[in-house]
Each structure stands twice: as C-alpha cells, then as structure tokens.
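The values are calculated or read from the model by the stated rules, or taken from the named source; none is laboratory data. Computed from a prediction, not measured in an experiment: that's the story for all the values here. Because the Cβ atoms are built from the backbone with ideal geometry, glycine has one as well, and the counts that use them run over all protein chains shown.
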Amino acid sequence: MNVLTKSSEVKICKFDNSYQKLPERFYTRLNPTPVKKPELLRLNLELASQLGIEISEHTKEDLTSIFCGNLIPQGANPIAMAYAGHQFGHFTPQLGDGRAILLGEILDSSGSRVDVQLKGSGITPFSRQGDGRAALGPVLREYLVSEAMHALGIPSTRALAATITGEPVYRETVLPGAVLTRVSQSYVRVGTFEFFAVRDDKKATKILADYVINRLYPHISKEKNPYSSLLREVSCRQAKLVAKWMSVGFIHGVMNTDNMSISGETIDYGPCAFMDKYNPKTVFSSIDSHGRYAYQNQPRIAQWNLIQLAESILPLISEDTDKGVEIAREILEEFPKIYEQNYLEEMRQKLGFISPKTEDVELISNLVELMEKNEADHTLTFRLLAQELAPLSADFGMSARDLFKTPEDFDNWKTRWKKRIALEKNPAKILADVICKRNPVIIPRNHLVESVLSSAIEDGNLGPFNEFLDALSSPFDNKLFGTKYSKLPDPPLASYQTFCGT
Ligand code: AMP
Ligand code: MG
C-alpha cells in the first residue's frame, strides 16, 4: 500500500464494492500514486449527480485530491484488475490495469452498479515498461469522445472528471500529466476471461462468468446453460454496438480483446476517430499499418474477438469439448446476421424509413457506394436528407447534393429514395423529424478535436474544449447548423493520424 496516499473520512458517495470480494488472483490491491500539484480541469456535474455525488457539499480541494488519486474516498477499495488480451491478433497472457485503478463500485440513482476508475493514476504490478501515467491530450480526448458517444446514444463509458497532475510525462516529448476518472457498467473485458483461460484456471473462469452473469445479465442466470447464453448475450450487445459505431462513422482504432467490454459499451478510447468523408477503408491509427481495425473491418473483428471469448469459456459451456465447440459455433455464426439486422435498422432510421421494405438493403448500399465514389461527408449527407422532405427552421446553407463531386449521382439516388419514402404512411414532416433525431449535425470532427486539444495543451486555455464538449452534448440540435462545429474542414484534412493514448 502506498504510504503517501491518504485513505480518508471524506464520503462522496455510497460505494458498494463486489469485484474486490472475488479471489485475490483477480486483481492487486493498491492505491494510486500521489501527484504533486493537481488541478481539477473538468467535472461532469450531471453524471456526478446521477451517481449520488453532491458536488456542493465538498471542497474543491477534496474533489481535486480524490479525482487525481491523492485521497481515497470513504468506502473505496482500490484495485488494479488482471487481464490478458489479443493485441493485433497476438496473444499476451498478462496485460492488466497498468495505468488504471478501480476505486470501487457505486450503485447509481437508477439502481445500476457502475465501476469508477482512475486512468493515469500511477504504476501497478501490471505496468510492465510503462510509467502508469497518462498525458493531458489523450485524457481530454477520451473525455470528449466518450461523452460525445453517450450523447449520440451509443453505449459508452462516461467521463466523470479530468485533473492535471502537475507532473510531466515523458513520451516523444515532455507532456503535462493528467488523470481521467471514468465510469462504466463494468471493466470486465474479453481479455479478463482470457487471463484465466490461458492459466487453465477453470475455477476462476466459472467465478468470473457467474459474477458477470449476476451483475450484467441476471435474466439468464436460471437458464439451463447460462454460459452459452452469456456468449449469446455478449455477442448480441457487440453486434448492436458495432452497428451503432458504423452508423456514425466511428472507428475505435484498437479493437484488441482487452479493449472489448463484456458489457457491450465502448471502452478504452485511444486512437479512435470519426471519419469525415465516407471511405470504408479508413484507418487513423498510426500503429495499424495493415488496416486490421479499419472502419469496414470492425464487425468482423468483433466476431473474431467473440471467438476468443468463446474459447475461454468453452469448458463452462460443455464438459464435452466437441459439444461445446458445436454450441459456440452455432451462436457465433449468428453474429453476422444479427449485426446486419442491427445495421440495417440503424440505416433505415437514418434514411427516415419507419416500416421496413426489402428494397431498403439495396438503397442503403447504393447510397454508401456513391458516397465513397463522391467522397461525400458521412455525417452531413444523412442529416441534410431531412431538408429534402420538409423545410426546416434552420437555414443549412447547403444541400446533400453539394457534398457529392458528381451531384447527379445524388440526384439519381434521391429519386429512388423519394419513391421509397412515398411508401411510408407518415407525412414528410414526421419523417424529416425521424432523420433529424437519428443523424447528428455534429460529431467530434478530427480538425476540431485537434484544435481544442492544442488550445488546452499549448495555451493552457480550456475554453474551446469546454465549449465544444457542451455543443457535443446535444449533437442533434438544428441550432448547431452554421456554427463552426458543423462546418467541414477547409481545406479538407489531407491525412490524419491518431496515436495510442499512452
Ligand atoms: P491500451 O493500449 O491502453 O489498451 O493498453 C494496453 C496495455 O498496456 C494495458 O495493460 C495498459 O494498462 C498498458 N499500458 C498502456 N499505457 C501504459 C502506461 N503508460 N503505463 C503502464 N501501462 C500502460
Ligand atoms: Mg486498453
């Protein structure tokens, strides 16, 4: 236990820790490493209140100390979780929380249990060569993008607080250090199961599976084979999640098995980014040289990761290996179909269709093909369809056809889409509303993310970050048209690269 970090009597919320009751080989108990000169940069008041944290009852000093890891709030029981993982297809038997510490679990106001974790909080036994720290840029980036995902209606970890540590971190250059406090339904990953499977620790695998079922999927606990149901449930949630990513042009960038949550939330924001122009081959991550995690590969990779989960829990699915493989194969073979159904449903709504028709599949695939050929902007192409149906209050100053290099390509498609829209029973105004509710005006565009991060890091000015974050909390609002956030990068970003958040 670290002697400098203070365990305190400061009570910020009701912790109710359950993972810490699992056997000791699931984690290491330790406190965050204290930092010299912390400063609170941003606190998510809405989320804090949902978690029962009464901000006004605490001093800024206490809150800063808690969210940088210098003060352990009453009831917290800090641990670093053990996990393994396939990174770019290669297996590492021990990864674990190398720069994160789980403070504990809170039962939120809706009665659901969440993990509260500090990221960048110092060295742990899982740190390997790393320093256990995070730089300010990646911390603010994760804050911004995870909150934007939540506002877009995409399951995601949430950002509760960001602090700077007052200490440098050494990467290619010297950067300001920071800690992100983030919240998830659970930080159990596919890699957590792999950790025990590779050690042939069947007892632990069962304990973990039972824990996850009880916590995240209690409705399957009484089923005849709860473990095959677990695989099915996780698979369905991943299919749903990735379909949502695809619908907004989100590229996770590092879909290693240790970065895939069992809860079906987007976790571990590193080199992630949204594409502007639609191109299914888009890769932003500097280390993804073969495009393993390209936009178009995400559904297939999710299925690959689920195969690793299936292998890890195979002995639980059946004592007879052949039978277990058969059951798992059947479930996993369903994945592409379930993904396609979810994707189709997402895209239908993006196009304003309420009642499904068989021709929708072709209309959708033709549109995205034309978008690719014409280098059309993903976000605005969809959103601007609304004004083809009904004049909206805001003046957009452009139409969807303006986004196409050959506008006639759009015109031809639009004629077919309009015929299809005419089959809907609802008036055009209602369908335009559906489009507006399903297609954001703004996303965290790369040029804007870079700009607000550079103001924060280079000039110490958090104003642009805060303002952008606030705008991203209501991304569907018509009022955002005409603001700097809805504009395309001008000139377009020639090439854009992201880096792992280390
Ligand atoms: P990530 O790329 O963030 O998913 O991390 C992969 C693994 O490397 C995890 O076990 C992390 O905890 C660990 N890791 C990443 N960055 C650091 C760091 N700066 N210090 C210690 N461990 C790290
Ligand atoms: Mg990770």
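For the subset of the range 248-298 comprising residues that are in contact with a strand residue (DSSP E or B) (Cβ under 8 Å, 6 or more places away or on another chain) and aromatic (Phe, Trp, Tyr), which member is farthest from ligand 2 (Cβ to nearest atom)?
Going through the qualifying residues, I end up with Tyr278.
Starting from residues that are over 15 Å from Cys68 (Cβ atoms) and either near ligand 1 (Cβ under 8 Å from one of its atoms) or more than 18 Å from the chain's Cα centre (by Cα) (or both), keep the ones in the range 124-137 and report whichever is surrounded by the fewest Cβ atoms within 10 Å (Cβ to Cβ).
In the first step, residues of the range 124-137 are kept if they are over 15 Å from Cys68 (Cβ atoms); the result is 124-131, 137.
Restricting the remaining residues to those that are either near ligand 1 (Cβ under 8 Å from one of its atoms) or more than 18 Å from the chain's Cα centre (by Cα) (or both) gives 124-131.
Numbers: Thr124: 24, Pro125: 14, Phe126: 20, Ser127: 16, Arg128: 12, Gln129: 5, Gly130: 12, Asp131: 17.
Across the range 124-137, the extreme among qualifying residues is Gln129.
Could you give me the residue pairs with C-beta distances under 7 Å whose first residue belongs to the range 264-280 and is under 12 Å from Leu493 (Cβ atoms), whose second residue is within 16 Å of ligand 1 (Cβ to nearest atom) wherever it lies, and which are 6+ apart or on separate chains?
Ala273/Ile251; Ala273/Gly253; Ala273/Phe284; Ala273/Thr498; Met275/Ile251
Right, Val188: crowded, with 24+ Cβ neighbours inside 10 Å, of a type outside the set (Asp, Glu) and within 16 Å of ligand 2 (Cβ to nearest atom) or not?
Numbers: crowded, with 24+ Cβ neighbours inside 10 Å: no; of a type outside the set (Asp, Glu): yes; within 16 Å of ligand 2 (Cβ to nearest atom): yes.
Spelling it out, it is not the case that Val188 is crowded, with 24+ Cβ neighbours inside 10 Å, of a type outside the set (Asp, Glu) and within 16 Å of ligand 2 (Cβ to nearest atom).
Mind telling me which of the residues Val116, Val35 ends up being at pLDDT 95 or above and touching a helix residue (DSSP H, G or I) at 6+ places or on another chain (Cβ under 7 Å)? Steps first, answer last, please.
Values: Val116 fails: touching a helix residue (DSSP H, G or I) at 6+ places or on another chain (Cβ under 7 Å).
One residue alone meets the criteria, Val35.
Taking Asn305 and the conditions (1) buried (at least 21 other Cβ atoms within 10 Å of the Cβ); (2) within 16 Å of ligand 1 (Cβ to nearest atom); (3) assigned to a loop (DSSP other than H, G, I, E, B), which numbered condition does it fall short on, given that it satisfies the others?
It is condition (3) that Asn305 fails.
(1) assigned by TED's automatic domain parsing to the domain that holds Ser318; (2) within 16 Å of ligand 1 (Cβ to nearest atom); (3) farther than 25 Å from Phe284 by Cα: which one isn't true of Ser235, the others all being true?
So Ser235 meets the others, but not (2).
Looking at this structure, is Ala80 under 21 Å from Val188 (Cβ atoms), hydrophobic (A, V, I, L, M, F, W, C) and either touching a Cys at 6+ places or on another chain (Cβ under 9 Å) or surrounded by 24 or more Cβ atoms within 10 Å (Cβ to Cβ) (or both)?
Numbers: under 21 Å from Val188 (Cβ atoms): yes; hydrophobic (A, V, I, L, M, F, W, C): yes; either touching a Cys at 6+ places or on another chain (Cβ under 9 Å) or surrounded by 24 or more Cβ atoms within 10 Å (Cβ to Cβ) (or both): yes.
In short, yes.
Show the residue pairs that are 6+ apart or on different chains and have beta-carbon atoms under 7 Å apart, the first residue being within the range 183-207 and more than 19 Å from Val254 (Cα to Cα), the second being within 16 Å of ligand 2 (Cβ to nearest atom) and assigned to a helix (DSSP H, G or I).
Qualifying pairs under 7 Å: Thr205/Phe193.
Within the range 204-220, is even one residue within 16 Å of ligand 2 (Cβ to nearest atom), assigned to a helix (DSSP H, G or I) and of a type outside the set (Ser, Thr, Tyr)? Working first, answer last.
Here is the first cut: in the range 204-220, the ones within 16 Å of ligand 2 (Cβ to nearest atom) are none.
Scanning the range 204-220, I find no residue that is within 16 Å of ligand 2 (Cβ to nearest atom), assigned to a helix (DSSP H, G or I) and of a type outside the set (Ser, Thr, Tyr), so the answer is no.
May I ask you to list the residues in the range 453-472 that are loosely packed, with under 13 Cβ neighbours inside 10 Å and closer than 18 Å to Ser146 by Cβ?
To start, the set of residues in the range 453-472 that are loosely packed, with under 13 Cβ neighbours inside 10 Å comprises 458-460, 463, 470.
Matches in the range 453-472: Asp470 only.
Does at least one position in the range 197-213 carry a residue that is touching a Gly at 6+ places or on another chain (Cβ under 6 Å) and not hydrophobic (A, V, I, L, M, F, W, C)?
no
Give the residue, chosen from Ala162, Ala151, that is touching a strand residue (DSSP E or B) at 6+ places or on another chain (Cβ under 6 Å), touching a residue at least 40 places away in the same chain (Cβ under 8 Å) and away from ligand 2 (no atom under 16 Å from the Cβ). It would help to see each step written out before you state the result.
On the way: Ala151 fails: touching a strand residue (DSSP E or B) at 6+ places or on another chain (Cβ under 6 Å).
The unique qualifying residue is Ala162.
If I ask for residues that are of a type in the set (Val, Ile, Thr), farther than 14 Å from Ser473 by Cα and in a loop (DSSP other than H, G, I, E, B), which ones from the range 106-156 would you list? Quick ask: steps written out before the conclusion?
First pass over the range 106-156, keeping only residues of a type in the set (Val, Ile, Thr): 106, 114, 116, 123-124, 139, 145, 154.
Retained after the next criterion (residues that are farther than 14 Å from Ser473 by Cα): 106, 114, 116, 123-124, 139.
Scanning the range 106-156 gives Ile123, Thr124.
Name the residues in the range 245-283 that are farther than 30 Å from Ala197 by Cα and either in a helix (DSSP H, G or I) or within 15 Å of ligand 1 (Cβ to nearest atom) (or both), would you?
First pass over the range 245-283, keeping only residues farther than 30 Å from Ala197 by Cα: 246-250, 273-283.
Within the range 245-283, Met246, Ser247, Val248 meet the criteria.
So, in the range 331-384, exactly how many residues are exposed (fewer than 14 other Cβ atoms within 10 Å of the Cβ), charged (D, E, K, R) and free of Cβ contacts under 8 Å to residues at least 12 places away in the same chain?
3
What is the number of the single condition among (1) over 20 Å from the mean Cα position of the chain (by Cα); (2) within 15 Å of ligand 2 (Cβ to nearest atom); (3) buried (at least 22 other Cβ atoms within 10 Å of the Cβ) that Gln117 does not meet?
Here Gln117 meets the rest and fails (1).
Quick check on my filter: what residues within the range 69-83 are within 16 Å of ligand 1 (Cβ to nearest atom) and under 15 Å from Leu30 (Cα atoms)? Lay out the reasoning, then the answer.
Restricting attention to the range 69-83, the residues satisfying the condition of being within 16 Å of ligand 1 (Cβ to nearest atom) are 69, 78-83.
Gly69, Pro78, Ile79, Ala80, Met81, Ala82, listed by residue number.
Quick grid of which residues meet (1) more than 21 Å from Arg329 (Cα to Cα); (2) surrounded by 20 or more Cβ atoms within 10 Å (Cβ to Cβ); (3) not β-branched (Val, Ile, Thr):
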| position | (1), (2), (3) |
| --- | --- |
| Arg199 | yes, no, yes |
| Thr205 | no, yes, no |
| Leu208 | yes, yes, yes |
| Tyr211 | yes, no, yes |
| Leu216 | yes, yes, yes |
| Tyr227 | no, yes, yes |
| Leu231 | no, yes, yes |
| Ser235 | no, yes, yes |
